[in-house]
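Visitor: I'd like to ask you about the structure that follows.
The values are calculated or read from the model by the stated rules, or taken from the named source; none is laboratory data. Nothing here was measured: the structure is a model prediction, and the numbers come from that model. All Cβ positions, even for glycine, are placed from backbone atoms using ideal geometry, and neighbour counts span all protein chains on display.
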Amino acid sequence: MTDLVLVRHGQTLWHAENRYAGSSDVGLTDVGLEQAEALGRWAATAGLDAIWSSPLSRARLTAAACARTTGLEVGVDDRLTEAHFGAGEGLTAAEMEQAFPEARAAFVRDPVEHPLPGGEHPDVVADRFVAALHAASAAQPAGTVLVVAHSTAIRLAVCQLVGIPLGSYRRVLPSLHNAALTRLRVVGDGPAALLELNRPLEPKVSSS
């Protein structure tokens, strides 16, 4: 039995405009770096046995803060990369609606039946991400593993592991906060139990 703590990276430079970063390598803002440090403080007392990260720098920088406070090395797994959004990479929702309105509307209705033009299929994203999670849990069959990755990939993986249709992921799990905690419990390669979802870090208590 492994507890997997899935965390979206800290705030990025595209966050304010809500641009679809996807597989683009976008850096963290100062706020994102502060969120990473807060996650590191949480990790120091979380009893982690391993840390895994997407290869994208926004995830690796977030995970690195946890490595500093725990002494654990960060494993990097390419399968934890965010979904590639094809023609939507780097665009806002409004810009997509102008550039390809029909395709955008179809994506909003059902992202599995109608991925963004040229984008990675959600089934593929979920399969590779869940495979990475099963590999991480197999390496720590009775431990707690932190996985720092990305909003869409995490939401798709959660849906697949708890039995929610992937086409509903945008409706059922509309967003994940930066550096918030989502915890799953898995046994082997079977389905997961969702223990908590999108829980913000506790505010830091200042000393008197």
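Visitor: Among residues belonging to region 16-39 that are more than 13 Å from HIS150 (Cβ to Cβ), small (Gly, Ala, Ser) and not in a helix (DSSP H, G or I), point out the one that is farthest from the chain's Cα centre (by Cα).
Guide: Ranking the qualifying residues of region 16-39, first place goes to ALA16.
Visitor: In region 132-143, what count of residues is obtained for those that are crowded, with 21+ Cβ neighbours inside 10 Å and either closer than 20 Å to GLY47 by Cα or polar (S, T, N, Q) (or both)? Spell out how you get there, then give the answer.
Guide: Looking only at region 132-143, we keep the residues that are crowded, with 21+ Cβ neighbours inside 10 Å, and these are 132-133, 136-137.
Subset that is either closer than 20 Å to GLY47 by Cα or polar (S, T, N, Q) (or both): 133, 136-137.
Number satisfying all stated conditions: 3.
Visitor: Within region 149-158, can one find any residue that is surrounded by fewer than 17 Cβ atoms within 10 Å (Cβ to Cβ), closer than 27 Å to MET1 by Cβ and either modelled with pLDDT of 95 or more or touching a Cys at 6+ places or on another chain (Cβ under 7 Å) (or both)? Give the steps one after another, and end with the answer.
Guide: First pass over region 149-158, keeping only residues surrounded by fewer than 17 Cβ atoms within 10 Å (Cβ to Cβ): none.
So far as region 149-158 goes, no, none of its residues is surrounded by fewer than 17 Cβ atoms within 10 Å (Cβ to Cβ), closer than 27 Å to MET1 by Cβ and either modelled with pLDDT of 95 or more or touching a Cys at 6+ places or on another chain (Cβ under 7 Å) (or both).
Visitor: Let me ask another. Quick one: LEU146 ticks every box in (1) within 19 Å of the chain's Cα centre (by Cα); (2) surrounded by 20 or more Cβ atoms within 10 Å (Cβ to Cβ); (3) part of a helix (DSSP H, G or I) bar one, so which box is it?
Guide: (3)
Visitor: Within region 113-131, how many residues are closer than 29 Å to ASP49 by Cα and crowded, with 22+ Cβ neighbours inside 10 Å?
Guide: Result for region 113-131: 3.
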